[in-house]
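Before any comments, here is the structure.
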Amino acid sequence: MLQFLKESTFRANDVITRSISILSRHYISIAGLCLLLFLVSNLSTLLSIYFDGYANLVKVGMLLLFVFLYFSLQLVLLKRAVHLVKEEPSIGLWKYLPSFWQFSQYIGGLIVYSILAGFVYLLMYVLCFPLLYLDIDMDTIRNEIHPLLTGFVMLIVVLRTIFYPFFIIEQQAGTFKAYKFSLALTRGNVFRLAIIVFAVAFTHLLMVSAEYFNYVLVAKIFSVINSFVMIPMVSIVMSVVYVDMMKSYAGSDDPSLIDNLI
């Protein structure tokens, strides 16, 4: 077990070191896309207030427009990051844009994830129900035990399905096939992925902790670091992990869902 921990930590350090190198050489393009995501997100919030008095048809139209822009930019960011990691020849800007089919499959994946999250949320309540017979207070179950169990299970779900967008934009896989590929790719690598995710999310955890303890200035500093360093870093890190894992992937072109769940 100790050797496994050493090997996992070493691989995480290698991934982060390579990601820092790539990001330092291509920071403008990656950070620029992250800035566009930030602007689209905040502009949609401002315009939702401005169009509050307009007809519902106009508001729905604006909502669909910003959803399309925001998630399309996310796919462009992922495709650009994978392109940089693979060190492929430069391509035109338009080739980074996702097709409507890729966009629809990505949205379908988000819907599937939302359904899974709702199912896990309800399932954890069912599993926590017997605790009432052990004289554990309902408020303790609802406010402490249930959120903890739900968060732990959803963390595993996220780690197992985290690569599904990559298979949509790289392998032209449909939603369910992309999920199956992600499950097959991450099988036996959940702990290593958890170390990497924790490493890149560390400053976000520090920011949340600073906000909790009401250290406003410290929270603002970590917020700036997250916006301009860690968010661009995450896309590169996950692309590096995806490319490395695909090089060693020896599974089927149509992996079995049942065989790769555990």
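The values are calculated or read from the model by the stated rules, or taken from the named source; none is laboratory data. Computed from a prediction, not measured in an experiment: that's the story for all the values here. Every residue, glycine as well, gets a Cβ built from its backbone with ideal geometry; the counts of neighbours run over all protein chains shown. Side chains are part of the model used for accessible areas, which takes the heavy atoms of the whole protein and leaves out ligands, DNA and RNA. Shrake-Rupley method; radii C 1.70, N 1.55, O 1.52, S 1.80 Å.
Candidates in the stretch 158-176 are the residues that are open to solvent by 40 Å² or more (accessible area, probe 1.4 Å) and closer than 14 Å to Leu110 by Cα; of these, the one that is farthest from the chain's Cα centre (by Cα) is Phe176. For the stretch 137-157, a residue qualifies if it is open to solvent by less than 50 Å² (accessible area, probe 1.4 Å) and under 16 Å from the mean Cα position of the chain (by Cα), and the qualifying residues are Gly151, Val153, Met154, Val157.
Please indicate, with yes or no, whether at least one residue in the stretch 159-171 is closer than 21 Å to Phe198 by Cα, without any contact (Cβ under 8 Å) to a residue 60 or more places away in the chain, part of a helix (DSSP H, G or I) and not hydroxyl-bearing (Ser, Thr, Tyr). Checked against the condition, which is being closer than 21 Å to Phe198 by Cα, without any contact (Cβ under 8 Å) to a residue 60 or more places away in the chain, part of a helix (DSSP H, G or I) and not hydroxyl-bearing (Ser, Thr, Tyr), the stretch 159-171 yields at least one hit. Given the structure, is Ile168 touching a helix residue (DSSP H, G or I) at 6+ places or on another chain (Cβ under 6 Å), at pLDDT below 90 and among the β-branched types (Val, Ile, Thr)? No, not satisfied.
Pairs are defined by a Cβ separation below 8 Å, a sequence spacing of at least 6 or placement on different chains, a first member in the stretch 89-109 that is touching a residue at least 12 places away in the same chain (Cβ under 8 Å), and a second member that is of a type in the set (Lys, Arg) and outside any loop (DSSP other than H, G, I, E, B); the pairs so defined are Tyr96/Lys79; Tyr96/Arg80; Pro98/Lys79.
Here's the yes/no breakdown for (1) surrounded by 18 or more Cβ atoms within 10 Å (Cβ to Cβ); (2) of a type in the set (Lys, Arg); (3) modelled with pLDDT under 80:
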| site | (1), (2), (3) |
| --- | --- |
| Ala194 | no, no, no |
| His204 | no, no, yes |
| Phe213 | no, no, yes |
| Val216 | no, no, yes |
| Ser239 | yes, no, no |
| Asp244 | no, no, no |
| Gly251 | no, no, yes |
| Leu257 | no, no, yes |
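Sub-8 Å Cβ pairs linking a first residue in the stretch 222-244 that is closer than 18 Å to Leu84 by Cβ and in a helix (DSSP H, G or I) to a second residue that is open to solvent by less than 10 Å² (accessible area, probe 1.4 Å) and polar (S, T, N, Q), at least 6 apart or interchain, are Met233/Ser19; Ile236/Ser19; Val237/Ser19; Val240/Ser19, ordered by first then second residue. Scan the stretch 68-84 and give yes if some residue there is over 30 Å from Arg25 (Cβ atoms) and either under 15 Å from the mean Cα position of the chain (by Cα) or in a helix (DSSP H, G or I) (or both), otherwise no. Yes, that holds for at least one residue. For the criterion of being free of Cβ contacts under 8 Å to residues at least 40 places away in the same chain, among the hydrophobic types (A, V, I, L, M, F, W, C), open to solvent by 60 Å² or more (accessible area, probe 1.4 Å) and more than 30 Å from His26 (Cα to Cα), Leu123 passes.
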